[in-house]
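Trainee: Have a look at this one.
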Amino acid sequence: MWNPAKSLVWRLAILILGGAGLVLAAVLVSSTIAQQRQLVKQQQQQGDSLTLAAVNRIDALLGRVVSTANSVSVCMKKGLPTAQDAEKLLADLMRKSPEINGISIAAVHGTTDWAPGVISAYRDNGTVRTRVAPRSQSHQIEDWYYLPTHLGRNVWVEPYFDHTSGRSSVTYSVPVKGADGTIIGVVTCELSLEGIREMLDSLDLGEAGIATLVSAQGVYISHPIRAFEMRETVYSVAESMGDVGKPLESLIALSRKMLSGEAGMSLYRRSPKDTPSYVYYRTVPATGWACSVTIPEQQILAPLRRQNTLNLLIGLSGMVLLLGAALAVAFSLTRPLHELAGAAGRLATGDFDAPLPKVRHNDEIGRLTSSFARMREELHSYIEELTTTTAAKEKIASELAIAHQIQLGIVPKLFPPFPERGDLDLFATLEPAREVGGDLYDFTLLDEDHLYVAIGDVSGKGVPASLLMAVGKTLLKSTIQAVRDPARAMTMVNDELSADNESCMFITAFCGILNLRTGQLTFANAGHNPPLIISQSGDTRFLTRRPGPALGAMCSVRYQNMDVELENGELLLLYTDGVTEAMNAKGELFAEDRMAAVAAANPKANTQQLIRTIVGAVTAHADGFEQSDDITMLAVRSTTCRAIEAPQPPSRQADSTIELNNKREELNNLVEWLEGEGEKLGIPAHTVMALNLALEEWFINIVSYAFVDHNLHRIPIRMWRDDNTILIQIEDEGQPFDPCAQLAPDTDAPLEHRRIGGLGIHFIRKTMDLMHYRRERNRNILTLAKKF
């Protein structure tokens, strides 16, 4: 079904309209920004001009008041002998200066015949009247008299509300000084502020613009709200309007600028949600008053908004017309394509015989139709080939699935593997990155006390790696069962794999034999990752011993056995690099530290729980990123790995002691001492014989292998009898060697498969009831116990 939203016609129309719309929007935005800047600039000039004009008119008015007061003070200096002279002078000046509301002269006592007293001229309903006030002390404490007499200079008194006349006024006071510099009187001129208020109200500030006049003390002289005049300050008005925090601080800062004598403009915003206003201010030079004009930005930009609305309507009308033209052009271009799309749809359903539209013109549509015809023929051939190829791939996939099952069958997968051994906890897992992989693990009990464990990683992936994995796993297990020595087994397997290794593939491997009785782990490492040991307290450590080269990499390599002792309950974790090198989309590796941290956080978990937890952590780290390598782990914990309790010699001194040199000739002295002391201590002859054979074997072992130099070394031997038990302790300062950790030889194996050596220690074990070894003060100490 035809969908307008997906039609090429509408997409072409939308593309055309979108481009035109973006151009229109860019023009409107740039025009608006430019016009806005121009309007603000013009308003700044206009606002500053209005403020300057208002200040000049106020200053001119105040200047006439100052001139009048100074004229009276000059006349008073020359002398006004009578009150009638003073009254006539003041009345004449009042008639000449209609803006003045009143003039007064206050003479000091003794300077005129009417002093002290106050002569005033004032207006009463348009008529100039005079009066002489009787002597009074009250006028001497009022600002108009007190300030000029004490400051000794002309003073503009703070504006006030005259309750007699009911008008706001301001008084200019001039101190009159005599010839000797003493003040003989004060001349005052009172100016009504009604004229200034009317002048400010008449300024052309628009609908929302306001003009204010503030005294030097911050008191409103003129304000559109009449209740503020002579009663409120800028600070009290700000607080009463609810301004707090930054709005109050900004208003106070603005007021300080206005009253500091500066002239300028500030942008004031009462709150972040309110539109800003432009405030223009100047100071009246004569009085220090601040005159301000405030114009809201919304009023300034109102013409621009109206123009933008008109422009938008015109643009939308043009877009509608453009849409009609675009649709007409698009329909004419896409009609042939619509017909071709219908034919192509039938072709997509498999109808290769569907007819295509006729080629009417050799244009793009005609060439596209011809290409579709060729594509139909080629597609038909391709589908036939694809059917054959798919069948072959499905056969290969089926064979790979079978190979995957066979590979997993090669490694042990039944857990727990030794259900009868409650003291042994073992679990392993192998997750190939492909259908088949090259990782391996293996384990088996060589006897009741020795567990063989191994893990490996074949270079490469896929079928070749899986084949080498099967060969390496089989060779390593069969060899270790024959020789029971990790290093010898690896040496033999390496010689086998490196011979005729034309593919140059190799195996990194780790194999070891764990003595379940003592916790001794004897192992060899062929270039594999160091295993991790986790204690039950959560401490972790890696077996970072120097490994040998990988198996199959080079021939004639001799691997070395290494030993480590596991504490009771410690867990041994073997793993391949697929765990530590698991990568996420950012290229970050899972790494050994993260694996050790996960293991340390779960020290009490059993082997299966720990491996599942680590696999989950690897999966979470990869976060869906494709697995690049096989993930293999093997964990084992034995709870029988504990030190054998050492037989404690009696606290008394030894019943008999002998010290021998590391010479074979001392063997006769050993035999004579044992037979003689055995008779003294009442030891049966057959017990003495057993002790003699065991001591001879151990003494010859010390003489032959303990010392690397040819110097003489003393070998002390002590003997106690405790009831029916004989304890013998032999010490030497030779190389460390623990006979208790050595593997028992396989006496049932054919001679050609038996491991060389170890029969002497095996004989001592079988002859004695108890054998214990410890290393103290760089000395080997072997304790033997025999009961009779």
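The values are calculated or read from the model by the stated rules, or taken from the named source; none is laboratory data. These numbers were taken from a predicted model, which means no experiment stands behind them. With ideal geometry, Cβ positions are generated from the backbone for all residues, glycine too; neighbour counts draw on all protein chains shown. Only protein heavy atoms, including side chains, enter the accessible area calculation; ligands, DNA and RNA are left aside. Shrake-Rupley method; radii C 1.70, N 1.55, O 1.52, S 1.80 Å.
Trainee: Which of the residues spanning region 89-100 are touching a helix residue (DSSP H, G or I) at 6+ places or on another chain (Cβ under 9 Å), within 17 Å of Gly195 (Cβ to Cβ) and open to solvent by 20 Å² or more (accessible area, probe 1.4 Å)?
Mentor: Lys96, Glu99
Trainee: Does Ala60 satisfy being at pLDDT 85 or above, closer than 30 Å to His150 by Cβ, open to solvent by less than 70 Å² (accessible area, probe 1.4 Å) and not hydroxyl-bearing (Ser, Thr, Tyr)?
Mentor: It is true that Ala60 is at pLDDT 85 or above, closer than 30 Å to His150 by Cβ, open to solvent by less than 70 Å² (accessible area, probe 1.4 Å) and not hydroxyl-bearing (Ser, Thr, Tyr).
Trainee: Moving on. Of the residues that make up region 430-445, is at least one of a type in the set (Asp, Glu), part of a loop (DSSP other than H, G, I, E, B) and open to solvent by less than 50 Å² (accessible area, probe 1.4 Å)?
Mentor: No, because not a single residue in region 430-445 is of a type in the set (Asp, Glu), part of a loop (DSSP other than H, G, I, E, B) and open to solvent by less than 50 Å² (accessible area, probe 1.4 Å).
Trainee: From the list Ala83, Ala91, Ala26, which one is modelled with pLDDT of 80 or more, assigned by TED's automatic domain parsing to the domain that holds Gly126 and small (Gly, Ala, Ser)? First the steps, then the outcome.
Mentor: Values: Ala83 fails: modelled with pLDDT of 80 or more; Ala26 fails: assigned by TED's automatic domain parsing to the domain that holds Gly126.
The match here is Ala91.
Trainee: Is it fair to say Tyr220 is over 30 Å from Val155 (Cα atoms) and at pLDDT 85 or above?
Mentor: No, not satisfied.
Trainee: Given the options Ala489, Ala454, name the one that is within 17 Å of Lys413 (Cβ to Cβ) and in contact with a Cys (Cβ under 9 Å, 6 or more places away or on another chain).
Mentor: After applying the criteria, what remains is Ala454.
A quick yes/no check of all residues on (1) within 30 Å of Ala13 (Cβ to Cβ); (2) out of contact with any Phe, Trp or Tyr (no Cβ under 7 Å at 6 or more places or on another chain):
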| residue | (1), (2) |
| --- | --- |
| Leu259 | no, yes |
| Lys273 | no, yes |
| Glu297 | no, no |
| Leu301 | no, yes |
| Leu313 | yes, yes |
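Trainee: Is one or more of the residues making up region 773-783 open to solvent by less than 80 Å² (accessible area, probe 1.4 Å), among the polar types (S, T, N, Q), part of a helix (DSSP H, G or I) and modelled with pLDDT of 85 or more?
Mentor: So far as region 773-783 goes, no, none of its residues is open to solvent by less than 80 Å² (accessible area, probe 1.4 Å), among the polar types (S, T, N, Q), part of a helix (DSSP H, G or I) and modelled with pLDDT of 85 or more.
Trainee: Going through Arg488, Arg517 one at a time, which residue ends up being within 16 Å of Asp563 (Cα to Cα), modelled with pLDDT of 90 or more and assigned by TED's automatic domain parsing to the domain that holds Ser478?
Mentor: Values: Arg517 fails: modelled with pLDDT of 90 or more.
Residue meeting the stated conditions: Arg488.
Trainee: One residue is enough: does region 632-639 have a residue meeting the conditions in a loop (DSSP other than H, G, I, E, B), within 30 Å of Thr508 (Cα to Cα) and open to solvent by 30 Å² or more (accessible area, probe 1.4 Å)? So that I can check it myself, show each step before the final result.
Mentor: To start, the set of residues in region 632-639 that are in a loop (DSSP other than H, G, I, E, B) comprises 639.
Next cut, within 30 Å of Thr508 (Cα to Cα) only: 639.
Adding the requirement that they be open to solvent by 30 Å² or more (accessible area, probe 1.4 Å) leaves 639.
Within region 632-639 (the criterion being in a loop (DSSP other than H, G, I, E, B), within 30 Å of Thr508 (Cα to Cα) and open to solvent by 30 Å² or more (accessible area, probe 1.4 Å)), the answer is yes, since at least one residue qualifies.
Trainee: Also, quick follow-up: Report yes if Asp423 is of a type in the set (Asp, Glu), within 47 Å of the chain's Cα centre (by Cα) and either at pLDDT 80 or above or open to solvent by less than 50 Å² (accessible area, probe 1.4 Å) (or both), otherwise no.
Mentor: Spelling it out, Asp423 is indeed of a type in the set (Asp, Glu), within 47 Å of the chain's Cα centre (by Cα) and either at pLDDT 80 or above or open to solvent by less than 50 Å² (accessible area, probe 1.4 Å) (or both).
Trainee: Filter region 172-222 down to residues that are crowded, with 22+ Cβ neighbours inside 10 Å and in a loop (DSSP other than H, G, I, E, B), then give me how many there are.
Mentor: Number satisfying all stated conditions: 1.
Trainee: Please state which one of Val598, Val579, Val564 is touching a residue at least 12 places away in the same chain (Cβ under 8 Å), in the same structural domain as Phe510 (by TED's automatic domain parsing), within 16 Å of Phe523 (Cα to Cα) and among the β-branched types (Val, Ile, Thr).
Mentor: Working: Val598 fails: within 16 Å of Phe523 (Cα to Cα); Val579 fails: within 16 Å of Phe523 (Cα to Cα).
Of Val598, Val579, Val564, the one residue that is touching a residue at least 12 places away in the same chain (Cβ under 8 Å), in the same structural domain as Phe510 (by TED's automatic domain parsing), within 16 Å of Phe523 (Cα to Cα) and among the β-branched types (Val, Ile, Thr) is Val564.
Condition check ((1) assigned to a strand (DSSP E or B); (2) touching a Phe, Trp or Tyr at 6+ places or on another chain (Cβ under 6 Å); (3) of a type in the set (A, V, I, L, M, F, W, C)) across all residues:
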residue	(1), (2), (3)
Ala465	no, no, yes
Lys473	no, no, no
Lys477	no, no, no
Ile480	no, yes, yes
Thr491	no, yes, no
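Trainee: For residues in region 299-347 being modelled with pLDDT under 75 and among the hydroxyl-bearing types (Ser, Thr, Tyr), which is least open to solvent (accessible area, probe 1.4 Å)?
Mentor: My answer is Thr334.
Trainee: Looking only at region 406-420, filter to residues that are part of a helix (DSSP H, G or I) and either at pLDDT 80 or above or more than 45 Å from the chain's Cα centre (by Cα) (or both); which one of those is surrounded by the fewest Cβ atoms within 10 Å (Cβ to Cβ)?
Mentor: Of everything passing the filter in region 406-420, Gly409 is surrounded by the fewest Cβ atoms within 10 Å (Cβ to Cβ).
Trainee: Here's another thing I want to ask about it. Can you name the strands (runs of 3 or more DSSP E) wholly within region 513-605 that have at least 3 residues being crowded, with 18+ Cβ neighbours inside 10 Å? First the steps, then the outcome.
Mentor: Working: elements: 520-526, 532-534, 540-542, 562-565, 571-575.
Filter on region 513-605 gives 520-526, 532-534, 571-575.
Yes or no, residue by residue, for (1) open to solvent by less than 30 Å² (accessible area, probe 1.4 Å); (2) modelled with pLDDT of 95 or more; (3) not charged (D, E, K, R):
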position	(1), (2), (3)
Ala706	yes, no, yes
His710	no, no, yes
Asp722	no, no, no
Ile728	yes, no, yes
Glu733	no, no, no
Pro736	no, no, yes
Gln742	no, no, yes
Asp746	no, no, no
